[in-house]
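To start, the structure itself, in structure tokens.
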Amino acid sequence: MRLIKASLLLIVFFTLHENLLAQDTSRLNRQDTTNVVSQQDTSQVNNQDTTNLAEGRDTSRVNRQDTTHPANNQDTTNLLSELEREAGEHKRNYTTATFKYTRVVDGHSVETLPAHVLDLRISHRFGPVNSGLYNFFGLDNATMRLGFDYGITNNFMVGVGHSTYQKTVDAFFKVKILRQSAGEVKMPVTVSFLGALTINTLRPLEFTVRLDTGEKINRVSTVFQLLIARKFSEQFALQLMPTFIHADNISFNHIKHNIFAIGIAGTQKISKRMSVNAEYYYQLPDTKAPASNNVLSFGIDIGTGGHVFQLHFTNSIGLTEKTFISETIGKWDKSDVLFGFNISRVFQLGKKHNRTAAWK
């Protein structure tokens, strides 16, 4: 009996001991797991700190390099400037307003009217200043031309007119061939071509030239000009005008009816609305009529919005290319100088183009 009781006690003891061991083992495992997680979190934090420290060192190193080498920033600035310059070179920038208006003094400039713009022009030319007080220094005698010019496109214009001098009817066209430009395409000059026709409508008894019996009357004259201009600055421009004229046989004593001349003209802008102009035509001696002189003219242009006033002094009474280039008889050295003025008024007849405002 005692042996059975001792055995039962031993079994109970060992059972309690195993339970206590199991609880201790479970507790130890939970503590180990907690320690492992804590160690992992600590490792991650340490790794982040190490990474941030490395990045901070790299940033500090870059900043020190930028500070130590300012040439890098300068190189970047130079590169951007070079790219901007190259981009500008790939654009074509056209020169505008080489001359302010379509005329210099008597003759044409390279400029054309904007599209759908009508220019009403009234030109006056008085008598010689040396005619004295009796003729009020030329103001008692005057010739006039009434003209209408029209821009068909921005680079092509036409015009018609009538002059009291020799009762001349004239017409012309002018086309702009090349435009001065800079940038991707460089063009050093602006070039326009002018073709003009004049008809002398005087009656036979009023002819300046007496024709031989049976000689055929030729009332028509033609003029062709190449206008070549360059704008050197916002204030100054020059123009060359190679000219060919086929003259009629009733207006002037031409020995040769095919006449060659070369003209030069210039403008100097003195304010936003005012410029000083000059032009001179030299006739080749082999084609020049004996009684003819080369024409020299000076003028002042005054712009007032849609109106243009031109005041000028010249030794020619003619108001068309044929007359003032090849039929001038006045001389500056003998005070054969004439005063004149032109009035121009432009009208917009169609859709306004952005060039119209610039031309005005």
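The values are calculated or read from the model by the stated rules, or taken from the named source; none is laboratory data. Worth saying up front: this structure is predicted, and the values here are computed from it rather than measured. Note that each Cβ is placed from the backbone with ideal geometry, even for glycine, and that neighbours are counted across all protein chains shown.
Brief remarks on what is shown
- In region 309-323, residue farthest from the chain's Cα centre (by Cα) [restricted to those that are part of a strand (DSSP E or B) and within 17 Å of MET144 (Cβ to Cβ)]: THR314
- Only one of the listed residues (ALA171, ALA182, ALA196, ALA142) is over 17 Å from ARG125 (Cα atoms), surrounded by fewer than 20 Cβ atoms within 10 Å (Cβ to Cβ), more than 22 Å from the chain's Cα centre (by Cα) and in the same structural domain as GLY107 (by TED's automatic domain parsing). That residue is ALA171.
- Test for LYS91: is it buried (at least 19 other Cβ atoms within 10 Å of the Cβ), more than 30 Å from LYS334 (Cα to Cα) and at pLDDT below 95: no
- From the list ILE217, ILE250, the lone residue that is surrounded by fewer than 18 Cβ atoms within 10 Å (Cβ to Cβ), closer than 20 Å to THR323 by Cα, of a type in the set (A, V, I, L, M) and over 36 Å from the mean Cα position of the chain (by Cα) is ILE217.
- Unique residue being of a type outside the set (Asp, Glu), assigned by TED's automatic domain parsing to the domain that holds LEU202 and more than 30 Å from ILE217 (Cα to Cα) when the list is HIS257, HIS312: HIS312
For (1) among the polar types (S, T, N, Q); (2) under 24 Å from PHE313 (Cα atoms), each residue gets a yes or a no:
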site: ASN200; (1), (2): yes, no
site: VAL209; (1), (2): no, no
site: ARG230; (1), (2): no, no
site: ASP248; (1), (2): no, no
site: SER251; (1), (2): yes, yes
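- Qualifying residue in region 324-341 (condition: hydroxyl-bearing (Ser, Thr, Tyr) and within 33 Å of the chain's Cα centre (by Cα)): no
- Filter result for LEU133 (surrounded by fewer than 16 Cβ atoms within 10 Å (Cβ to Cβ) and in contact with a helix residue (DSSP H, G or I) (Cβ under 6 Å, 6 or more places away or on another chain)): no
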